[in-house]
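S.K.: Can you keep this structure in mind? I'll have questions shortly.
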Amino acid sequence: MSAVPFSHNTTASNQGARSAEGATASTAPVAAAVAHAVDSGAAHGSAGVAGMQPDFDLARVRADFPILSEVRVHGRPLVYLDNAASSQMPQAVIERIVRYQRSGHANIHRGVHYLSDQATNAFEAARSTVRAFLNACEDREIIFTSGTTEAINLVASSWGRSALQPGDEIILSELEHHANIVPWQMVCDEKGARIRVIPVTDSGELDLEAYRRLFNARTRLVGVAHVSNALGTVNPVQEMISIAHAYGVPVLVDGAQAVPHETVDVQALDCDFYAFSGHKLYGPTGIGVLYGRAALLEQMPPYKGGGDMILSVSFEKTTYNHIPHKFEAGTPAIMPAIALAAAIDYVNGIGLPRMGAWEQHLLAHATARLAAIEGVRIIGTAPHKAAVLSFNIGNVHPHDVGSLLNDEGIAVRTGHHCAQPVMKRFGVPATVRASFAFYNTLAEVDLLADAIGRIKTLFE
Amino acid sequence: MESRALYQEVILDHNRKPRNYGRLEQPTHHSEGLNPLCGDHIQLDVAVDGEQIKQLAFEGQSCAICKASASMMSAAVKGRSVAEADQLVDGFRALATGTADAEQMVTLGRLRVFEGIKDLPSRVKCAVLPWHTLHAALHAQSVVSTEGDADPVPGNPT
Ligand SMILES: Cc1ncc(COP(=O)(O)O)c(C=O)c1O
């Protein structure tokens, strides 16, 4: 089967065309917004952004996401800049969910009847889609989980409980999401192992020299985010993996914030585990993925017990199923897995490189506009960032900023972003975080920047 | 409701120049208030003499709503009896949840600028935290959290 499902290009644009026709009124302002976006880029003259347009039809793409036109906040159009928390779902995925529930649902791997076969095939096809998306070698290396959090917990419990000994060490970074800290603390407490931390520089990058120095004969695993959800830093995971492998240490990459922005190739990275969530990739909640190298997964004990994860059960002896089923006890999230595959198809139809390129322009424009406002401090200034912008305005508490932005229809995240260690590193309890998706416009970035300017004045 | 309506001059002013900000040298009562969801964290010292609240001071990291609420609370209860402070605590909680009766509204006086908070569910806890902390201090609880069993606004969406 081909790695990239070609038909989706046409599917995506057909859908775009269809919804655009059906909602001329609501898409008109989008076209205007896009036009304005181009102007405003020029007006503010931020280098490399002026006159910039995406390499895809932005108005049509926006029409693919019903929520962007259907929701109004305080009578204003929704400006959704909280994509790192959860992204929105395109019509193609919504329709796939409806189609599955209307005519494709049954339990999988169990029945001999028509619907069960249909659902099983769709579920396993979804696994293949994910396999191709990550360029993994084999379908059986793809385990469906409820999300990134469960994927990491799976590795911490299964691999961690069987491989860790007292005195062993795990290396994590200072900018991890709590999901890549707490499961390791739990298993390390249980096993008498300890966590060593890769420090973060003032710009928000990992200190690779310090990283190298953390390795010793007791190092058993490295866990690192591909992209930081709090700062946006893209970590040099490929280099970090080759360093770890030189010591014979496997690496788990938390890819929750990376997969929506760039093409991930687990073979090229040579990572041992890779985790991500469907709901940050234009799919539904309740589904995530753990990629694991087959040789490692085969050695690992099951993580949950139940149906589907066994070959035979008796009270004397139970034989576990093969991977990936060994790790998928119970009825899985069938519909969300199928919807995730539809989301991947949608993304492939547009192309992550094109999406990522536009997001970089949004980020550059937002960074330039916010940096120009006196008193705004941007937290996370690494040269290589994904579309995440964390900042504070003087001493104004991020929660006040978030509430006031909400008045203008602008959705951002405020708080510690489940990454308290990195907040502490930068001496702030919380930040305002705007995170962009390919469907955002330069005009939306300008709305944000203008609103930030007004909020700053209000608190002076 | 738009939150801008809440950020009135009174609230912005108390946020800029909080009254009774700092710590007391000899508090008779103390409590610490935490709102883990947004990171609001305040320390509250109270000096009670007999039945009367002689002094109180607060300090901490918090949003404008929380800080202004603490500042206005400190001004409102200073010099009052513990029983009167308790009544104000009840009144403020009722105000923030939209259940205050006419009599409570009168007693609350200037604190009524917080009335709009009832329509901003995600911010109710910010406004109530200082009052919750005061109640805890006066009734001998050392740490209170908006996420504990004693949540002042149970079931409030966050
Ligand atoms: C870097 C990172 N890791 C892990 C997670 C947890 O993802 P989920 O809540 O979908 O399991 C997130 C989501 O916020 C994240 O940004």
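The values are calculated or read from the model by the stated rules, or taken from the named source; none is laboratory data. No experiment lies behind these values; they were computed from the predicted model shown. Backbone-built Cβ (ideal geometry, glycine too); neighbour counts: all protein chains shown. In case anyone asks, the SASA skips ligands and DNA or RNA and just uses the protein heavy atoms, side chains included. Shrake-Rupley method; radii C 1.70, N 1.55, O 1.52, S 1.80 Å.
S.K.: So, in the stretch A:185-209, of the ones that are within 16 Å of the ligand (Cβ to nearest atom) and over 19 Å from A:V227 (Cα atoms), which residue ends up most open to solvent (accessible area, probe 1.4 Å)?
M.R.: A:M186
S.K.: Could you tell me which residue of the stretch B:33-58 is nearest to B:E115 (Cα to Cα), considering only residues that are of a type in the set (D, E) and at pLDDT below 95?
M.R.: Checking each candidate, the answer is B:D40.
To keep it simple, each residue is scored yes or no on (1) among the aliphatic types (A, V, I, L, M); (2) farther than 29 Å from A:N406 by Cβ.
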position: B:E2; (1), (2): no, no
position: B:K17; (1), (2): no, no
position: B:N20; (1), (2): no, yes
position: B:H29; (1), (2): no, yes
position: B:G39; (1), (2): no, no
position: B:V46; (1), (2): yes, yes
position: B:E51; (1), (2): no, yes
position: B:A57; (1), (2): yes, yes
position: B:G60; (1), (2): no, no
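S.K.: State yes or no: is B:A85 open to solvent by 10 Å² or more (accessible area, probe 1.4 Å), away from chain A (no Cβ under 14 Å) and either closer than 23 Å to B:D45 by Cβ or not in a helix (DSSP H, G or I) (or both)?
M.R.: In short, no.
S.K.: In the stretch A:446-460, what count of residues is obtained for those that are within 30 Å of the chain's Cα centre (by Cα) and either of a type outside the set (D, E, K, R) or within 11 Å of chain B (Cβ to nearest Cβ) (or both)?
M.R.: So the answer is 7.
S.K.: If you take the residues of the stretch A:340-395 that are more than 22 Å from the chain's Cα centre (by Cα) and on the phi > 0 side of the Ramachandran plot, which of them is surrounded by the fewest Cβ atoms within 10 Å (Cβ to Cβ)?
M.R.: Ranking the qualifying residues of the stretch A:340-395, first place goes to A:G394.
S.K.: For the stretch A:142-170, what are the residues that are away from the ligand (no atom under 13 Å from the Cβ), part of a loop (DSSP other than H, G, I, E, B) and open to solvent by less than 30 Å² (accessible area, probe 1.4 Å)?
M.R.: The answer is A:L164, A:D168.
S.K.: Still on this structure: Could you list all residues from the stretch A:403-460 that are assigned to a loop (DSSP other than H, G, I, E, B) and open to solvent by less than 10 Å² (accessible area, probe 1.4 Å)?
M.R.: Of everything in the stretch A:403-460, those that are assigned to a loop (DSSP other than H, G, I, E, B) and open to solvent by less than 10 Å² (accessible area, probe 1.4 Å) turn out to be A:G409, A:H417, A:A419, A:A430, A:F436, A:A437, A:F438, A:Y439, A:N440, A:T441.
S.K.: Also, I was wondering about something else. Tally up the residues in the stretch A:238-258 that are away from the ligand (no atom under 16 Å from the Cβ) and among the acidic types (D, E), please.
M.R.: 1
S.K.: Same structure again: Would you mind telling me which numbered condition in (1) open to solvent by 10 Å² or more (accessible area, probe 1.4 Å); (2) not in a loop (DSSP other than H, G, I, E, B) A:R127 fails?
M.R.: Only one criterion in (1) open to solvent by 10 Å² or more (accessible area, probe 1.4 Å); (2) not in a loop (DSSP other than H, G, I, E, B) is unmet by A:R127, namely (1).
S.K.: Evaluate the following for A:A179: is it buried (at least 21 other Cβ atoms within 10 Å of the Cβ), assigned by TED's automatic domain parsing to the domain that holds A:T201 and without any contact (Cβ under 8 Å) to a residue 40 or more places away in the chain?
M.R.: It is false that A:A179 is buried (at least 21 other Cβ atoms within 10 Å of the Cβ), assigned by TED's automatic domain parsing to the domain that holds A:T201 and without any contact (Cβ under 8 Å) to a residue 40 or more places away in the chain.
S.K.: Separate question: Within the stretch B:49-82, track down each residue that is within 14 Å of chain A (Cβ to nearest Cβ), open to solvent by 20 Å² or more (accessible area, probe 1.4 Å) and out of contact with any strand residue (DSSP E or B) (no Cβ under 6 Å at 6 or more places or on another chain).
M.R.: B:K67, the sole residue that qualifies.
S.K.: Listed residues A:A434, A:A443; which is closer than 19 Å to A:A84 by Cα and either touching a Gly at 6+ places or on another chain (Cβ under 9 Å) or away from every other protein chain (no Cβ under 11 Å) (or both)?
M.R.: Of the residues listed, the single one that is closer than 19 Å to A:A84 by Cα and either touching a Gly at 6+ places or on another chain (Cβ under 9 Å) or away from every other protein chain (no Cβ under 11 Å) (or both) is A:A434.
S.K.: Can you tell me which residues in the stretch B:2-48 are buried (at least 17 other Cβ atoms within 10 Å of the Cβ), more than 12 Å from every other protein chain (Cβ to nearest Cβ) and in a helix (DSSP H, G or I)?
M.R.: Listed by number, the list holds a single entry, B:H14.
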